[in-house]
Structure formats: C-alpha cells, structure tokens
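The structure appears below as structure tokens.
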Amino acid sequence: MRNIFRRFKTKKMRIVQNGHPALRRVSAPIAAIDDDVRDLADKMTYTLMHNEIEGVGLAAPQVGVNKRIIVIYTCGGSPKDKSKLSPGEIVLNPLMPVALINPELVSMSQETICSGEGCLSLPGVGGDVVRAARVILKAMLLDGQTVQVECANLLAKCLQHEIDHLDGILFIDKIPAEQLEEAKPALKLMEKEEAKRAK
Ligand SMILES: [Zn+2]
C-alpha cells in the first residue's frame, strides 16, 4: 500500500528533448538503492504513465538525471499467446511498470529485427532501427533482487533503446540517412527550445 501511495503523490518530471546535454552523456552506475533512487524511480514511473504521448519506456537521462535507471511498460506489446512469451516477459510483465537499476545486456542474438521506433524525448520523429531479436538482460530491481533473463518481442527492443539512452545514444543515431535528413528540421527546432530553456 505504501508504495502505491508514494507513487501517486509524486509529481511529473519534465521530459527533456533533443539538444539537452543529459541525453548525450554516459550515465553513472547506481551504487546503492537508497531513498533517492526509490524517489527517482517513483517519479520516473509517474512521468511515463502520465505522459500525453504514450510511451513504453523512460530512461533517467530523459528526465535530466545521468544515472543508470530505466522504467519500462512493454506488457501491452507481448504476444497474446502465453506460450510465446520470453522468460523476461514472464518475470517482468507482472511487475510493470517496473524500474530496472544498472540494466545491462550480457548478450544479444545474431538474429535481428528492423522496426519503427520513436522516443518521448524526440516527439514527432520516427525511424527504422535494426535491433537484436533477443537479449539477455541483467539488472537489479528496487528490492535489491538481481534478475538475469532472456527477453524477446517489444521488451527486447525497448531494453536496447533505453539502455542506449544510458550511454548517450539516441535511436536517430541508428536510422537510415534519408530518414535522419527528413527529421532534421524537427530536431533543430527541439535543440533551439532546449537552448532557450538553458539560458
Ligand atoms: Zn527514447
């Protein structure tokens, strides 16, 4: 009960957009799960779940914090047929939205999938990204438990996108040149807005 109460008392954070320096920094590992980390996870979860544009993941740099924490909510993209769920979906879907601390991909499949992506920090911009079809995720949960599981489907794609954020990488770094060219006016506009805010 306490957790639910905490979650809904917290406020929404501003999602920073293209041009904000936090999006291009490599984020620092979290040394210990303390009240600050729990509070950040609560606020990020609230922000993801109450954003005007529906998102399936949020990384701390997107709220201007360069720490290795992500929140994911990909259960809606899992196969309806439960026999097709990956081990990661079986473990994590019931916990979603779930915060992952110091998430890392310990291995990635050779098999890839190319699909459309967007990002809450780049509203209105989309493009095709090639990602591994399956990944093995290692991460800590807020209760201190470590999980190491194979993930597929939308969960695998989202984890790669969000963990890229922790390394200062955006999905636009991975889209075809002609799609990036198309996105440039929108990206420039966001940069201008962020520069104005920084003054
Ligand atoms: Zn993103």
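Among the residues of the stretch 117-167, those identified as small (G, A, S) and under 17 Å from S78 (Cα atoms) are A132, A133, A152, A156.
Within the stretch 29-57, the set of residues being open to solvent by less than 50 Å² (accessible area, probe 1.4 Å) and charged (D, E, K, R) comprises just one member, D42. Considering (1) crowded, with 19+ Cβ neighbours inside 10 Å; (2) under 30 Å from Q110 (Cβ atoms), the lone condition that K138 does not fulfil carries the number (1). Taking residues in the stretch 158-182 that are under 23 Å from V106 (Cβ atoms), and partners anywhere that are within 12 Å of the ligand (Cβ to nearest atom) and open to solvent by 50 Å² or more (accessible area, probe 1.4 Å), the pairs with Cβ atoms closer than 7 Å and at least 6 places apart or on different chains are C158/V56. The condition (being open to solvent by 70 Å² or more (accessible area, probe 1.4 Å), out of contact with any Pro (no Cβ under 6 Å at 6 or more places or on another chain) and aliphatic (A, V, I, L, M)) is satisfied by just one residue among A99, A152, A60, A177: A177. With respect to the conditions (1) open to solvent by 20 Å² or more (accessible area, probe 1.4 Å); (2) touching a Lys or Arg at 6+ places or on another chain (Cβ under 9 Å); (3) hydrophobic (A, V, I, L, M, F, W, C); (4) within 20 Å of E194 (Cβ to Cβ), V26 falls short on a single one, namely (2). May I ask you to list the residues in the stretch 102-132 that are within 15 Å of the ligand (Cβ to nearest atom), among the polar types (S, T, N, Q) and surrounded by fewer than 19 Cβ atoms within 10 Å (Cβ to Cβ)? Result: S115, single match. Out of V63, V26, V106, V91, one residue alone is of a type outside the set (D, E, K, R) and under 14 Å from the mean Cα position of the chain (by Cα). It is V63.
The values are calculated or read from the model by the stated rules, or taken from the named source; none is laboratory data. The structure presented is a predicted model; accordingly, all values stated were derived computationally and were not measured. Neighbour counts run over all protein chains shown; Cβ positions are idealised from the backbone, glycine included. Each accessible area value is taken on the protein alone, full model and side chains, heavy atoms only, with ligands, DNA and RNA left out. Shrake-Rupley method; radii C 1.70, N 1.55, O 1.52, S 1.80 Å.
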